[in-house]
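**Q** Below is a structure I'd like to ask you about.
The values are calculated or read from the model by the stated rules, or taken from the named source; none is laboratory data. Note that the structure is predicted; figures quoted are calculated from it, not measured. Glycine also receives a Cβ, built like all others from the backbone with ideal geometry; neighbour counts cover every protein chain displayed.
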Amino acid sequence: RKEVEQDPGPFNVPEGATVAFNCTYSNSASQSFFWYRQDCRKEPKLLMSVYSSGNEDGRFTAQLNRASQYISLLIRDSKLSDSATYLCVVNVVGTDKLIFGTGTRLQVFP
Amino acid sequence: EAQVTQNPRYLITVTGKKLTVTCSQNMNHEYMSWYRQDPGLGLRQIYYSMNVEVTDKGDVPEGYKVSRKEKRNFPLILESPSPNQTSLYFCASSLLGRAEKLFFGSGTQLSVL
């Protein structure tokens, strides 16, 4: 089983739609969680961190479910510019190791 | 401007010809790391460095070397490249080694023929 798993998609949604992605992780000692955004073959950029209490940044909401070992990203009112690949990143406590998921591709159409 | 600079952006080479991909950051970051990205496999860590003269293997270190003689530079060396090292490479840095503050270079697309 992969340490971090994501549905590769693509998720094809119309503008204005709400879309959600999940990311599951296998190591219960995982400590820190993040969502990165990557445009086609460009460098990943931090989108948001995921806190235990959940966090929101504009149209984006991230949540953590430790019991079921997954994190989620919700995007409301999708824009064309949201089209990208969303990477889930997990850090295991006591290590310097950062584990990247393979990404979920989102395509927003007019 | 705060940035991580990687060079070259594209590189085509032949099997066995030594090459170096340079990485430099101007943010005084302690932590630097190299990743390769392949379809279906995501980003995989090759080597990382927590500080000058301190380097450690990531998940896929075979066939690669790194050095950290200065804080700002972290070159990736392929002594004898092989076709299975054809990939998209990213250098990244952060102040504390946490993904929350990872800054990536713009990537190097390497093709080994």
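**Q** Return the pair list, or none, for Cβ contacts closer than 8 Å from residues in region A:97-110 that are in contact (Cβ under 8 Å) with a residue 12 or more places away in the chain and of a type in the set (Phe, Trp, Tyr) to residues that are surrounded by fewer than 22 Cβ atoms within 10 Å (Cβ to Cβ) and part of a loop (DSSP other than H, G, I, E, B), at least 6 apart or on different chains.
**A** From residues that are in contact (Cβ under 8 Å) with a residue 12 or more places away in the chain and of a type in the set (Phe, Trp, Tyr), the pairs are A:109/A:15.
**Q** What strands (runs of 3 or more DSSP E), lying completely within region B:10-65, carry at least 2 residues that are within 12 Å of the chain's Cα centre (by Cα) and among the polar types (S, T, N, Q)?
**A** The strands (runs of 3 or more DSSP E) meeting that bar are B:19-25, B:31-38, B:42-51.
**Q** Further, regarding this structure: Of the conditions (1) without any contact (Cβ under 8 Å) to a residue 60 or more places away in the chain; (2) surrounded by 14 or more Cβ atoms within 10 Å (Cβ to Cβ); (3) away from chain A (no Cβ under 12 Å); (4) farther than 27 Å from residue A:94 by Cα, residue B:21 clears all except one; give me its number.
**A** For residue B:21, the exception is condition (1).
**Q** Quick check on residue A:38: is it crowded, with 19+ Cβ neighbours inside 10 Å and free of Cβ contacts under 8 Å to residues at least 60 places away in the same chain?
**A** Spelling it out, it is not the case that residue A:38 is crowded, with 19+ Cβ neighbours inside 10 Å and free of Cβ contacts under 8 Å to residues at least 60 places away in the same chain.
**Q** Hey, another quick one. Out of B:35, B:31, I need the residue that is under 20 Å from residue B:110 (Cβ atoms) and among the hydroxyl-bearing types (Ser, Thr, Tyr). Which one?
**A** Going through B:35, B:31 in turn, just one is under 20 Å from residue B:110 (Cβ atoms) and among the hydroxyl-bearing types (Ser, Thr, Tyr): B:35.
**Q** Same structure, new question: Within region B:35-69, how many residues turn out to be of a type in the set (A, V, I, L, M, F, W, C) and away from chain A (no Cβ under 12 Å)?
**A** 4
Here's the yes/no breakdown for (1) touching a Gly at 6+ places or on another chain (Cβ under 8 Å); (2) within 14 Å of chain B (Cβ to nearest Cβ):
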| site | (1), (2) |
| --- | --- |
| A:65 | no, no |
| A:71 | no, yes |
| A:78 | yes, no |
| A:89 | yes, yes |
| A:93 | no, yes |
| A:104 | yes, yes |
| A:109 | no, no |
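**Q** Pick from B:96, B:110, B:88: which is of a type in the set (A, V, I, L, M, F, W, C) and assigned to a loop (DSSP other than H, G, I, E, B)?
**A** From the options B:96, B:110, B:88, the qualifying one is B:96.
**Q** Could you tell me whether residue B:84 is farther than 20 Å from residue A:4 by Cα, more than 11 Å from chain A (Cβ to nearest Cβ) and either crowded, with 20+ Cβ neighbours inside 10 Å or in contact with a Cys (Cβ under 8 Å, 6 or more places away or on another chain) (or both)?
**A** Judged against the criteria, residue B:84 is not a match.
**Q** For the structure I just gave you, tell me whether residue B:107 is on the phi > 0 side of the Ramachandran plot, within 14 Å of chain A (Cβ to nearest Cβ) and of a type outside the set (Ser, Thr, Tyr).
**A** yes
**Q** To continue, here is another question. So residue B:72 ticks every box in (1) more than 10 Å from chain A (Cβ to nearest Cβ); (2) farther than 11 Å from residue B:23 by Cβ but one. Which box is left unticked?
**A** Every condition holds for residue B:72 apart from (2).
**Q** So, one more: Inspect all residues belonging to region A:52-63 and state whether any of them is away from chain B (no Cβ under 14 Å), under 17 Å from residue A:90 (Cα atoms) and hydrophobic (A, V, I, L, M, F, W, C).
**A** no
**Q** Tell me which residues, restricted to region B:43-62, are at pLDDT 95 or above and either in contact with a helix residue (DSSP H, G or I) (Cβ under 6 Å, 6 or more places away or on another chain) or acidic (Asp, Glu) (or both).
**A** Within region B:43-62, just B:62 meets the criteria.
**Q** Follow-up. Hey, can you tell me all the residues within region A:89-110 that are modelled with pLDDT under 95 and assigned to a strand (DSSP E or B)?
**A** A:89, A:90, A:91, A:92, A:98, A:99, A:100
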